[in-house]
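Comments concern the structure below.
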Amino acid sequence: MDVQIAPLRSLDDFILVQSRFQLPDLQNPEKWVNRIVNNLLYYQSNYILSGLIIFSLVTLGNPHHMLYGIIAMSLVFGLMYYSASNHHQVAEFKRDHPFLVMLGSLSAGYFFILQIGCVSVFMFGVGLPFMFTILHSSLRLRNIKNKVLVYIYYIAVLRIRSILIRLRCKIYDFDAGFTPTIYKEAGRRQE
């Protein structure tokens, strides 16, 4: 399967002159979620780049605190991975209760970062990019170009689904002993 990276949208379109912002209608949560999803799809490369820039700026402000926080979280998750791969009981508990394992790992990491004394820097560096992404995607109104591209995307998805359904029908017909006309004509040509 070929993975394509979404193009980087211009800064003018993303956050400057051409962009329009408005508070979402909190009475209609479906419309709000639809706006967030469409903006996340349309501006995904911009959100990744801005998240990296925000994380880098926070890291440059307090590099040793961020490094301590990254090391502490890496140790916690590395210990969890090591335990799950070497102990059957831990792996089984992780498979049966993934939410509890993730919550426990994050709590242990928070505790270690708290003991080191760099909680605010690490949480600010990790949380600020997520807050920016959610805030921007909630407030950013879709422009005409965004609406057209999303519509084209949906048409492409529908077309691919219909092609897959037709291919599956032909394969099932062939497997059931019913030879579609395409295969009958191909068989006559070979004889």
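What's the FRET efficiency of Gln22 with Ser120 using the Cβ-Cβ distance as r and R₀ = 25 Å, to the nearest 0.05?
Here the calculated transfer efficiency is 0.20.
Region 81-122 and region 1-57 have Cα centres separated by 31 Å. Placing a label point 7 Å from the Cα of Asn34 along the Cα-to-Cβ direction, the residues of region 109-145 whose backbone N falls under 19 Å from that point are 137-145.
When the gyration tensor of region 3-96 is built from Cα positions, what are the square roots of 5 times its three eigenvalues, in whole Å, from largest to smallest?
Output for region 3-96: semi-axes of 36, 22, 14 Å.
Determine, from the Cβ-Cβ distance of Glu92 and Leu135 and an R0 of 30 Å, the FRET efficiency 1/(1 + (r/R0)^6), rounded to the nearest 0.05.
On the way: r = 40 Å, r/R0 = 1.33.
The pair Glu92/Leu135 has a calculated efficiency of 0.15.
Inverting the pair-averaged 1/r between distinct Cα atoms of region 4-162 gives 18.7 Å as its Kirkwood hydrodynamic radius.
None of the figures in this text is laboratory data; all of them are computed from the coordinates on show. Note that the coordinates shown come from a computational prediction; the quantities given were computed from them, not determined experimentally. Every residue, glycine as well, gets a Cβ built from its backbone with ideal geometry; the counts of neighbours run over all protein chains shown.
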